[in-house]
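Have a look at the structure below, then the notes.
The values are calculated or read from the model by the stated rules, or taken from the named source; none is laboratory data. Owing to the predicted nature of the structure, the values given are computational and were not obtained by experimental measurement. Here Cβ is always computed from backbone atoms with ideal geometry, including for glycine, and neighbour counts include all displayed protein chains.
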Amino acid sequence: MEHFKSLAQFVSEQREKLGITQQALAKKSGLDLNTILDIEAAKDLFLSSTVRQKLAKGLKLNPSDIVQYERTMNIGYNYDEETENKIRQAILNNTGEELLCPVCSAPLQTRIVKMYDLEDNLVLHPKANCTKCPFQIK
């Protein structure tokens, strides 16, 4: 086991060993290309069991081969729900200011995911992940 590798590095290396592109991995795994791009860009540090299973299928691995590279949440958070809501609002307001992690004060990578509800109304979901620790807003 090479725990020093990140999930992004591991997935990218396994994909390259198979000699396939990110688009081909998305097709083989049944995942959206943006999901593959986010994983390889280290935007997703934890995977749902469904995504992990599909990714493992596309990479011809067992899900347990992937889970060991995901970051664990064994850190104590010293922020409250209000702080998380402020970060979410700042992402949606897109003020251009650099947002910092409430856990370790490192820069946050942020993005807004556009989704549609059952009535085809646009719903914006702010997401963030820390560049240094496992903090994420999903």
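Taking the stretch 1-34 as the search range and keeping residues that are touching a Lys or Arg at 6+ places or on another chain (Cβ under 9 Å) and within 23 Å of Leu108 (Cα to Cα), which one is modelled with the lowest pLDDT?
In this case the residue turns out to be Ser6.
Check the stretch 89-97 and report whether any residue there is part of a helix (DSSP H, G or I) and in contact with a strand residue (DSSP E or B) (Cβ under 6 Å, 6 or more places away or on another chain).
Checked the stretch 89-97: at least one residue is part of a helix (DSSP H, G or I) and in contact with a strand residue (DSSP E or B) (Cβ under 6 Å, 6 or more places away or on another chain).
Output the number of residues of the stretch 78-88 satisfying the condition of being without any contact (Cβ under 8 Å) to a residue 24 or more places away in the chain and outside any helix (DSSP H, G or I).
Residues flagged as without any contact (Cβ under 8 Å) to a residue 24 or more places away in the chain and outside any helix (DSSP H, G or I) within the stretch 78-88 amount to 1.
Only residues that are under 14 Å from the mean Cα position of the chain (by Cα) and surrounded by fewer than 18 Cβ atoms within 10 Å (Cβ to Cβ): list them for the stretch 1-34, please.
Passing the criteria: Ser6, Ala8, Gln9, Asp32, Leu33, Asn34.
List every residue pair whose Cβ atoms sit under 9 Å apart, with the two residues 6 or more apart in sequence or on different chains, where the first one lies in the stretch 101-125 and is farther than 19 Å from Thr83 by Cβ and the second, anywhere, is aromatic (Phe, Trp, Tyr).
From residues that are farther than 19 Å from Thr83 by Cβ, the pairs are Leu122/Tyr116; Val123/Tyr116.
Could you please find all residues in the stretch 35-57 being of a type in the set (A, V, I, L, M, F, W, C), within 27 Å of Thr110 (Cβ to Cβ) and free of Cβ contacts under 8 Å to residues at least 40 places away in the same chain?
Ile36, Leu37, Ile39, Ala41, Val51
Within the stretch 98-138, work out how many residues are part of a strand (DSSP E or B) and among the hydrophobic types (A, V, I, L, M, F, W, C).
Residues that pass the stated criteria total 11.
Are any residues in the stretch 104-134 out of contact with any strand residue (DSSP E or B) (no Cβ under 7 Å at 6 or more places or on another chain) and either at pLDDT 85 or above or not basic (Lys, Arg) (or both), and if so, which ones?
Once the filter is applied, which keeps residues that are out of contact with any strand residue (DSSP E or B) (no Cβ under 7 Å at 6 or more places or on another chain) and either at pLDDT 85 or above or not basic (Lys, Arg) (or both), the stretch 104-134 yields Ser105, Leu118, Glu119, Asp120, Asn121, Cys133, Pro134.
Restricting attention to the stretch 6-65, report how many residues are under 22 Å from Ala128 (Cβ atoms), part of a loop (DSSP other than H, G, I, E, B) and aliphatic (A, V, I, L, M).
5
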